[in-house]
Each structure stands twice: as structure tokens, then as C-alpha cells.
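The values are calculated or read from the model by the stated rules, or taken from the named source; none is laboratory data. This one's a predicted model, so the numbers in the text were calculated from it and none came from an experiment. Backbone-built Cβ (ideal geometry, glycine too); neighbour counts: all protein chains shown. Only protein heavy atoms, including side chains, enter the accessible area calculation; ligands, DNA and RNA are left aside. Shrake-Rupley method; radii C 1.70, N 1.55, O 1.52, S 1.80 Å.
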Amino acid sequence: MRVVLLGPPGSGKGTHGKGLSAELHVPLISTGDILRQAIAEGTRLGLAAQADVKSGQLVADATVLGLIETRLDLADAANGFLLDGFPRTVAQADGLAALLTVGIGRTLDHVVNLMIPAEAVVSRLRDRWLCSSCGAIYNLSTKPPKVAGTCDLCGSALKQRADDEPATVRARLEVYERETAPLVAYYAQRGVLRNVDASGPAEQVYGAIRRILRPAA
Ligand code: ADP
């Protein structure tokens, strides 16, 4: 099961990806998470990526392709993966196709396109809070934590992402439209695009993705 979750920031790639990863027994690989971890650890990759991530611009294709190549080589990705936030440009999509063909002689099974209007994204991300320890995702209007500022699952403090403030979200949306939206046509041409309306309640969206990835279940 080799799947790409495509969609603008705030479309639910990470939220749904976590559940799907557990259900399908394949790792959820988020280039955003890998980059944020590298930044927190102050590695060479983190230092190189820091300014772009903070301002909502894309990190260089070669950098991201390098980290994906390393990640897909790990044993847990041998039977498949869910990619969240990658590819984000046509060059990254071409690079991924080359990696898969050369590495395992395979192609992607599905590209799930989570469709949501831009206005909905700004308010969703403004209200998004994340657990600083386990990464659980909350939303003050649709999925608030039971105790304000505290993770329901592990009790750690919740935090907001620095790039979720509205001005940076608008920059990320512009970058998405310019660099990433062309991948919708790219994958439609290759016969793997599956469109999902991502603006409804989370359970409904999850169900729609699940029907695509596990039609018999
Ligand atoms: P979201 O999908 O919510 O915008 P991510 O966590 O996927 O956020 O990404 C956060 C930031 O990390 C992006 O704005 C960008 O700076 C960087 N990034 C993540 N994935 C990529 C990628 N595939 N190519 C270039 N930059 C990336």
C-alpha cells in the first residue's frame, strides 16, 4: 500500500494519516515532522531548513528528496507507506517516481486528494493545538481537549505551531497553489488520483478515505 496524502495545509493529512497508519500497518511519513524534529535537534538539515519552514516557504527539492530516500529505505517502509506533505512540487513527484521504480520496481497505488476551500484552512489552523509530547492534534472549535492546554492522551502541555499564525498560513496557501496544486493534474494523468471532500466532519472524511484504501473492509 503506497499512498500519498495530497492537500493544502490544514486539510487533515496528519490527522487522518495517524489513524490510517495504525489501521493499515504502514508508517506515516511526514516531511514536515522530520524537518521540525531536525530543527528542534539543531542538526545540519535542521539549520538549513529553519528559515524556510518558519516563513512557510518550501525547503529545497534536493534536501527533501534526500531525506525521503533515507526514510523509505528503513525496514518499516518495505510493505508500504503513507506520505504526508511530500511530494510538494513536480520535481519531487518525479524524484519519488524514480526512487520507487529504481528501488522496488513499483509505482504509487493511490494519491488521495483532500479538497478544502482556502478560507476554511485559515480558521482551522488558527484553532489547532498539538501535544508537545505525543503529537496528538486538537482543535479548539471541533475537537477541544477535555482540560484546556492539556493532552487528553498523555497529560502533556499543548502548543501551537509557529507557522500556524494566519499571515504564515496565507503564505503557505499561496505556495500550495503555485507549487503543489499542479500535482492534482499530474497524478490524474497517471490514473492514481482519488478526490475526497475534506471539508466535512473528521469521521466522515476518514470514512471516505478508508473506502478508497480498503474497499472490501
Ligand atoms: P502543512 O501541510 O500543514 O503545511 P507540513 O508540516 O507538511 O505542513 O510542512 C511544514 C513546512 O515544512 C512547510 O511549510 C515547508 O517549509 C516544509 N516542508 C514540508 N514538507 C516539504 C516538502 N515536501 N518540500 C519542501 N518543503 C517542505
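Points to keep in mind about this one:
- Histogram of C-alpha separations across region 1-116, 5 Å bin width, %: 2, 11, 22, 25, 21, 14, 5, 0
- Remark: spin-label model distance Ala157-Met115 equals 4.2 nm, labels positioned 7 Å along the Cα→Cβ axis.
- Here region 115-178 is described by how far its Cα atoms reach on the three principal axes: 39, 19, 18 Å, from widest to narrowest.
- Taking the Kirkwood radius as Rh and the Cα radius of gyration as Rg, region 30-90 has a ratio of Rg/Rh equal to 0.97.
- Note on surface exposure: Leu153, Leu58 rank Leu153, Leu58 by accessible area, highest first, 1.4 Å probe.
- Working from label points 7 Å from Cα in the Cα-to-Cβ sense, the Arg190 to Ala91 distance is 1.7 nm.
- Choice from Val192, Val102, Val112 with maximal GNM fluctuation in the chain (Cα, 10 Å cutoff): Val102
- Equivalent ellipsoid dimensions for the chain as semi-axes, Å, which come from the Cα gyration tensor, largest first: 25, 21, 18
- Choice from Pro117, Pro201, Pro182 showing the highest fluctuation, given a GNM over the chain with Cα pairs closer than 10 Å: Pro201
- When the chain is treated as a Gaussian network with alpha carbon springs shorter than 10 Å, the biggest mean-square fluctuation among Thr142, Thr89, Thr31 belongs to Thr142.
- Overall, the chain carries a charge dipole of about 340 debye about its Cα centre when +1 sits on the Cβ of Lys and Arg and -1 on the Cβ of Asp and Glu, all other atoms neutral.
- Nearest-0.05 FRET efficiency for Asp76 and Ala216, computed from C-beta distance (R0 30 Å): 0.80
- Accessible area of Lys143 in the full protein assembly, 1.4 Å probe (Å², nearest 10): 110 Å²
- Cross-link reach list, lysines versus Lys18, counting only Cα pairs under 16 Å and skipping chain neighbours closer than eight places: Lys143
- Here region 151-208 is assigned +1 on the Cβ of each Lys and Arg and -1 on the Cβ of each Asp and Glu. Its dipole about the Cα centre then comes out at about 220 debye.
- Projected onto its three principal axes, the C-alpha set of region 89-217 covers 48, 38, 29 Å, listed from the longest axis down.
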